[in-house]
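Trainee: Quick one: this structure, given as structure tokens, is what I'll be asking you about.
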Amino acid sequence: MYWFQNTRPMYWPRLMAGDYDMMLPLFRMYLKMLPGNAAQVHQYYGHGGAYFQETTPFWGGVPYMGPEVKENWTGHYFTPILELSMMMLDYYEYTQDAGFAREYLVPVASAGLLFFDEHFGRDTHGKLLLDPDNSIEMFWKVHNPAPDIAGLRAVIPRMLELPDGVVGAGMKENWRRLLGVVPPLPVDDSARRLLPYTGPQTAKGRNLENPELYAIYPFRLYGLGKPDFLLARHTFELRKFREKGCWNQDPIQAAYLGEAGVAKDYVHYALTRKDPKLKFPAFWVRGHDYEPDEDNGGNGENGLQKMLMQTEGKNIYLLPAWPKGWDGEFRLHAPYNTTVEGKIVNGKVTGPVVTPAERASDVKINQLTYE
């Protein structure tokens, strides 16, 4: 079985590493699941679209999970297709491969958006009503979970930006309509913090995760230089679960919030968490599930990359969360077929060398605003 929660950490950092060819087998596996999953969705519910199970064999398949079905870990958990769409959007942004966008990205993302549009009803205000819907594996069958709202709010605007040669105007019109009915992220205004789902926070927690932080990563609605930064940082500071290693996303989220000390602590832990019983250096010690663990290395690598470089549109930010006392050399890939390389000595970047050269004007070192 492929557990998306455990498989994704190895693939996200392949973007900055430039290992694009290593990502295609993952995308291809899920793309091949689409026809069968879509057929089952239509059989069960009588509507279009598709999604991927959190835990699935390589040939795919989804169980019937109507509202009357008893809750469980992954039954009413529909988030993976949104995160995979986000990863595919990044792949396209990095490579500018229009063929990939047409053949992989648009089929997968459009199937996921159609599923959310047609599977769920509307509330009294005409907004999408995500209920029952798991807030990942943490809270089961809740109302308007933050990860799915964040995913829809992150994916749809980026799909609308795709060139007309990649996607038709009719699809964009449907996505604009859907974006207009996506509900707001759940927020506790009195405490100034994001919430894992909307409504009274009475659902029983089943895991050790912070679903409200999905709006920071992987869906990147909040971060350095973005609106409501203090809301996101305060939410991170109040997070309930702070465990290190395995699939915990804290090092990446900390980097996106400029928390260099926290990111350093978590990244160091993840990348040095070896098991002496296991043969190879990158066979990480067992986390929550099994050994060798897939997640320590991936999340550690991803966190380290984001401490060193983050991108937003054409902007390339260097050292957004880099700790004092760490020197190093780097060569990282950025969107629009760009590479950035240089050295860090005493907190300063020498160079950097940017390829192609005309992208050098997009590089900003420690030039981030906080709102």
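Bear in mind these aren't lab numbers, they're just calculated from the coordinates by the rules spelled out. Since the structure is predicted, the reported quantities are computational estimates derived from the model, not experimental observations. For neighbour counting, all protein chains shown are included, and Cβ atoms are generated from backbone atoms with ideal geometry for every residue, glycine included.
Trainee: What residues have an amide H closer than 5 Å to that of Met309, excluding those fewer than 5 places away on the same chain, when H is modeled at 1.01 Å from N in the peptide plane?
Mentor: Amide H to amide H, under 5 Å and 5 or more residues apart or across chains, Met309 pairs with Leu319.
Trainee: How big is the gap, in Å, between the Cα center of the stretch 42-60 and the Cα center of the stretch 185-224?
Mentor: Between the Cα centres of the stretch 42-60 and the stretch 185-224 lies a distance of 26 Å.
Trainee: In debye, nearest 20: dipole of the chain around its Cα centre with unit charges on the Cβ of K, R (+) and D, E (-)?
Mentor: 480 debye
Trainee: May I pose another question? Lysine pairs in the stretch 1-190 with alpha-carbon atoms under 28 Å apart, 8 or more places apart or on different chains: how many are there?
Mentor: Lysine pairs meeting the criterion: 5.
Trainee: Can I ask one more? Quick one: length gained pulling His47 to Phe283 fully straight, 0.36 nm per residue minus the C-alpha distance?
Mentor: 80.7 nm
Trainee: What value, in deg cm²/dmol to 500, does the helix sum -39500 (n - 2.57) over DSSP H runs of n ≥ 4 give at 222 nm once divided by the residues of the chain?
Mentor: Dividing the helical sum by the residues of the chain leaves -11500 deg cm²/dmol.
Trainee: Then there's this: Where the Cα atoms of the stretch 235-371 are projected onto their three principal axes, how long is each span, largest first, in whole Å?
Mentor: 48, 37, 29
Trainee: Shifting gears a bit: Can you give me the distance in nm between label points at Asp123 and Asp19, each placed 7 Å from the Cα along the Cα-to-Cβ direction?
Mentor: According to this spin-label approximation, the distance is 4.2 nm.
Trainee: Convert each backbone phi in the stretch 220-227 into a coupling constant with the Karplus relation 6.51 cos²θ - 1.76 cosθ + 1.60 (shift: θ = phi - 60°), then list the ³J(HN,Hα) values in order as whole Hz, x for Gly and Pro.
Mentor: 3J(HN,Hα) across the stretch 220-227, in whole Hz: 6, 6, 10, x, 4, x, 10, x.
Trainee: Would you please name the trypsin sites (Lys or Arg not before Pro) within the stretch 145-184 that are DSSP coil residues with at most 11 other C-beta atoms within 10 Å of their C-beta?
Mentor: Qualifying residues, ordered by number: none.
Trainee: Taking the Cα of Arg28, stepping 7 Å toward and past its beta carbon, and measuring to each backbone N in the stretch 90-104: which are under 17 Å?
Mentor: In the stretch 90-104, the label zone of Arg28 (backbone N under 17 Å from the point 7 Å along Cα→Cβ) covers 99-104.
Trainee: Computed from the coordinates I sent, Kirkwood radius over Cα pairs in Å equals one of (i) 21.2; (ii) 21.8; (iii) 26.1. Tell me the label.
Mentor: The listed entry that was calculated here is (i).
Trainee: Taking the Cβ of each residue in Ser85, Ser110, Ser190, Ser135 as the centre, tally the other Cβ atoms inside 10 Å and list the residues starting with the fewest.
Mentor: The most exposed by this proxy come first: Ser190, Ser110, Ser85, Ser135.
Trainee: Identify, among Val285, Leu230, Ala254, the residue whose Cα sits farthest towards the positive end of the charge dipole of the stretch 217-291, taking +1 on the Cβ of Lys and Arg and -1 on the Cβ of Asp and Glu, with the dipole about the Cα centre.
Mentor: Looking along the dipole axis, the top candidate is Val285.
Trainee: Would you work out which of Tyr2, Ala334, His268 lies farthest towards the positive end of the dipole of the chain? Charges go on Cβ: Lys and Arg +1, Asp and Glu -1.
Mentor: Highest projection toward the positive end goes to His268.
Trainee: What whole-number distance in Å separates the alpha-carbon centres of the stretch 1-17 and the stretch 75-150?
Mentor: 17 Å
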